[in-house]
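As structure tokens, the structure follows; a few thoughts come after it.
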Amino acid sequence: MVSEGGFAHPTWRLVLPFGLAYAMSYALRTINAVLAPELVAGIGLSAAELGLLASAYFLAFASMQLPLGVLLDRFGPRRVEASLLVAAIAGCLISAMAQGFWTLWIGRALIGLGVSACLMASYKAYRMVFEERLQAPLASTMLVIGSIGALAATSPVEWLLAITDWRGVFVVLTLLFVGVWMGIAFGLPPLPQPSAEHSAPGQLWSQAAQGFRTIFRHPEFARMFPFAFVTYGGFLAMHGLWLGPWFTEVEGQTPGQAATGLLILTAVIMMAHLGMAYLANHLHKKNISLNHAMHWGLAFMAVFSGLAVLDVWPHPWLGWSLAFVSAGVTTIGYTRFAAVFPLALSGRATTGFNFVIFIGAFAVQWGIGLLIDAFVALSFDKPMAIRLAVGVWVVAQVLALYWLIRAPKHPAGPKPV
């Protein structure tokens, strides 16, 4: 374990490769918001197909979350992440060569599979190397680096589209992923070996399954499920895809203006992560429950999202910025959920919670596309169809928050966050 004053290895040699990998994963999560007009024009996608295509990332990503904790414990973060990044490289290559929807979908799914360990592998590595009091600052650092990756997937991608097409963008992404893979495979300092207690695969998977059964049967899982699935997952779905069509179709902006709007909103999200780290520390010193802060933040998120849908603001960037600032409290969900379980289950609790979030992102992203097509079939024009579909998500946020606050509590109650 490394202390703050005497690192056994330079910190940047550990943080930078993992940080770049996570930045790439975040960029690929959100890039379809900018590429959407190009993909629709080039492949001829419907709204439902666009939603299903973009959500393939989330489906593949979610499918890895349950086994991921076990794999990280058994094989270590370097080996697991380097192996998975090969799938991301293949996914970008397939996407660059795709001629139809399903080939694009397979490429997108491989990308989601390949980047599924980028954040959790870093947390595992930091846990192995750095002392406990450095974990929260390192976690916040990763979220900020990830937001920088999302920033790079907005206006910079739009500028790149001025000199190439969407296929060229995926070629560039392939080359960047190769560089990231080399950093993980060869650039990391030596890490502690996985514990010998994980040497029996059959016993390991049996214990993992038992742990997940304990987590998924816990009353707090039922309480947090709608929030994770609808609110947090929907936030990722909006940021990752549907805000792009919102700006171009509903607000009538050009693709360049929409990319600028997404750049601004992503910067807002990054600032919200930084602000949330400060707020959490401040509330902890004041002995104020983060649960209450989370409830109020989610209430503001629902209100501001609804006002953005109703177009009450002088500019759409303002309305969605207010909603996304409030969405900064969603990250408290990880801490709140893991705090209910003993330390031995905390890793599986985090990956289990992550699984629900990304399955929710898949469902909401595809579901909004299905709703848009359904409203168009009911003779609504495309801008109104998008507005109504996003409005359904806002109503679902309110219901999820009501359940989070009012659902029956476990007799012992969750541990204070």
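The values are calculated or read from the model by the stated rules, or taken from the named source; none is laboratory data. This one's a predicted model, so the numbers in the text were calculated from it and none came from an experiment. With ideal geometry, Cβ positions are generated from the backbone for all residues, glycine too; neighbour counts draw on all protein chains shown. All accessible areas refer to the heavy atoms of the entire protein, side chains included, with ligands and DNA or RNA removed. Shrake-Rupley method; radii C 1.70, N 1.55, O 1.52, S 1.80 Å.
Check off (1) crowded, with 17+ Cβ neighbours inside 10 Å; (2) at pLDDT 90 or above for Leu263 and give me the number that stays unchecked.
Among (1) crowded, with 17+ Cβ neighbours inside 10 Å; (2) at pLDDT 90 or above, Leu263 violates only (2).
Could you give every pair whose Cβ atoms fall below 6 Å, whose first residue belongs to the range 176-188 and is within 17 Å of Trp12 (Cβ to Cβ), and whose second residue is exposed (fewer than 15 other Cβ atoms within 10 Å of the Cβ) and aliphatic (A, V, I, L, M), counting only separations of at least 6 or pairs across chains?
So the pair list comes out empty.
Search the range 358-371 for residues that are over 8 Å from Ser55 (Cβ atoms) and at pLDDT below 95 and pair each with any residue that is of a type in the set (S, T, N, Q) and buried (at least 21 other Cβ atoms within 10 Å of the Cβ) when their beta-carbon atoms are under 8 Å apart and the residues are at least 6 apart or on different chains.
Phe358/Gln65
Would you mind stating whether Ala96 is touching a Lys or Arg at 6+ places or on another chain (Cβ under 6 Å), within 28 Å of Ala48 (Cα to Cα), open to solvent by 10 Å² or more (accessible area, probe 1.4 Å) and not β-branched (Val, Ile, Thr)?
Criteria met by Ala96.
Is it the case, given these coordinates, that Ala152 is open to solvent by less than 40 Å² (accessible area, probe 1.4 Å), out of contact with any Asp or Glu (no Cβ under 6 Å at 6 or more places or on another chain) and more than 30 Å from Gln193 (Cβ to Cβ)?
No, not satisfied.
Scan the range 109-133 for residues that are open to solvent by 10 Å² or more (accessible area, probe 1.4 Å), of a type outside the set (A, V, I, L, M, F, W, C) and in a helix (DSSP H, G or I) and jot them down.
Across the range 109-133, the qualifying residues are Tyr123, Lys124, Arg127, Glu132, Arg133.
Scan the range 244-259 and give yes if some residue there is in contact with a Ser or Thr (Cβ under 8 Å, 6 or more places away or on another chain), open to solvent by 10 Å² or more (accessible area, probe 1.4 Å) and within 16 Å of Val309 (Cα to Cα), otherwise no.
yes
Identify, by number, the condition in (1) modelled with pLDDT of 95 or more; (2) closer than 23 Å to Gly297 by Cβ; (3) open to solvent by less than 50 Å² (accessible area, probe 1.4 Å) that Phe375 doesn't meet.
Result: Phe375 fails condition (2) only.
Taking Leu104, is it in contact (Cβ under 8 Å) with a residue 24 or more places away in the chain, open to solvent by 10 Å² or more (accessible area, probe 1.4 Å) and either among the hydrophobic types (A, V, I, L, M, F, W, C) or touching a Lys or Arg at 6+ places or on another chain (Cβ under 9 Å) (or both)?
no
Got a sec? Which helices (runs of 4 or more DSSP H) wholly within the range 297-407 have at least 2 residues that are under 20 Å from Phe216 (Cα atoms)?
Hits in the range 297-407: 332-338, 343-377, 382-406.
Can you confirm whether the range 47-65 contains a residue that is surrounded by 23 or more Cβ atoms within 10 Å (Cβ to Cβ), outside any helix (DSSP H, G or I), out of contact with any strand residue (DSSP E or B) (no Cβ under 9 Å at 6 or more places or on another chain) and of a type outside the set (Gly, Ala, Ser)?
For the range 47-65, residues surrounded by 23 or more Cβ atoms within 10 Å (Cβ to Cβ), outside any helix (DSSP H, G or I), out of contact with any strand residue (DSSP E or B) (no Cβ under 9 Å at 6 or more places or on another chain) and of a type outside the set (Gly, Ala, Ser): absent.
Please identify the pairs in which a residue from the range 321-342 that is farther than 30 Å from Asp311 by Cα and of a type in the set (A, V, I, L, M) has its Cβ atom under 6 Å from the Cβ atom of a residue that is in a helix (DSSP H, G or I) and open to solvent by 10 Å² or more (accessible area, probe 1.4 Å), counting only partners at least 6 apart or on another chain.
Ala338/Ser346; Ala338/Thr350
Which count do you get for residues in the range 24-46 that are aliphatic (A, V, I, L, M), farther than 21 Å from Gln99 by Cβ and buried (at least 24 other Cβ atoms within 10 Å of the Cβ)?
3
Restricting attention to the range 321-336, which residues are hydrophobic (A, V, I, L, M, F, W, C) and under 18 Å from the mean Cα position of the chain (by Cα)?
Listed by number, the residues that qualify are Ala323, Phe324, Val325, Ala327, Val329, Ile332.
Picking from Ala344, Ala339, Ala293, Ala385, which residue would you name as being among the small types (Gly, Ala, Ser), more than 19 Å from the chain's Cα centre (by Cα) and at pLDDT 95 or above?
Only one candidate qualifies: Ala385.
I'd like to verify a number: residues in the range 33-65 that are of a type in the set (S, T, N, Q) and more than 13 Å from the chain's Cα centre (by Cα), how many?
The qualifying residues number 2.
Any chance you could count how many residues in the range 142-181 are part of a helix (DSSP H, G or I) and of a type in the set (S, T, N, Q)?
Going through the range 142-181 one residue at a time, the tally reaches 3.
Show the residue pairs that are 6+ apart or on different chains and have beta-carbon atoms under 8 Å apart, the first residue being within the range 228-239 and open to solvent by less than 10 Å² (accessible area, probe 1.4 Å), the second being outside any helix (DSSP H, G or I).
none
In this structure, is Arg78 surrounded by 18 or more Cβ atoms within 10 Å (Cβ to Cβ), touching a His at 6+ places or on another chain (Cβ under 8 Å) and either part of a helix (DSSP H, G or I) or not acidic (Asp, Glu) (or both)?
Details: surrounded by 18 or more Cβ atoms within 10 Å (Cβ to Cβ): yes; touching a His at 6+ places or on another chain (Cβ under 8 Å): no; either part of a helix (DSSP H, G or I) or not acidic (Asp, Glu) (or both): yes.
Here the answer is no, as Arg78 does not meet what is asked.
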